[in-house]
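Input: a single structure, listed below in structure tokens.
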Amino acid sequence: MCDATVTTVLAASADADLLVLGSLGLGALSGFVTGSVSQRVVGRSTRPVVLVRAGRGAADEHLSATDGVAPEEIPTTPYRQVVLGLRTDRPCDELIEFAFDAARRRDTGLRVVHAFRTPFRPAPAPSAPLVTVAPEGPALAPQPRAQALADEERALTAVLRPWREKYPTVPVTEAVTEGRVTVELVRATRNAGLLVVGRRTTDHRVGAHTGPVTHAVLHHAGCPVAVVPHD
């Protein structure tokens, strides 16, 4: 029965630009409780899929309204920002464009989150030089973590530069941190209106696959999640 439902949903969305699914509610950690149908649809869909948790209303898409604002006036309240989880080593145009366009349509800001882990490197031997020689004299070499952070920040800025030019009205905030990407993305969704993540369709593993990061944020994100398939 489940396979038939998934096949029906995917067939119905074959010519659609976007597929929207509802979750079963909230789990113990305030994330999505996705059923097997949702999981399989997300893993197999060739169209972007947005999952919206049960009980979420139009007011939740906007920043907190001031006292005395009537329900029909909620659309005039600014939208919450869009969050994009992005890798700098394998950026994807479809994913980035979806996030920028979502922010543009909402007339809100885009927060781009990139988390990385510094590769483990054994400590140098005591006799190894710890300084670099500059024209004006010796100076301390940059710390590996600080250098890695600076490199990742430059890489993210370079990836986003053409998209900032294409969407000049979208305010962009770049957030580069060292840590687990799932933790940083879930933290970023606390006050967000939409989280955008990707799913590679070129994965050669058998069956539908969403990837560990996408799978994790689907269960723990505090806002709707858009999963964008890409090569």
remark   = Thr177 fails exactly one of (1) hydroxyl-bearing (Ser, Thr, Tyr); (2) buried (at least 16 other Cβ atoms within 10 Å of the Cβ); (3) at pLDDT below 85, namely (3)
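Quick grid of which residues meet (1) at pLDDT below 90; (2) outside any strand (DSSP E or B); (3) out of contact with any Gly (no Cβ under 9 Å at 6 or more places or on another chain); (4) surrounded by fewer than 16 Cβ atoms within 10 Å (Cβ to Cβ):
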position	(1), (2), (3), (4)
Ala188	no, yes, no, no
Val197	no, no, no, no
Thr202	yes, yes, yes, yes
Thr210	yes, yes, no, no
Val213	yes, yes, no, no
His219	yes, yes, no, no
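The values are calculated or read from the model by the stated rules, or taken from the named source; none is laboratory data. Keep in mind it's a predicted model, so treat the numbers as computed, not measured. Virtual Cβ from ideal backbone geometry, glycine too; neighbours counted across all protein chains shown.
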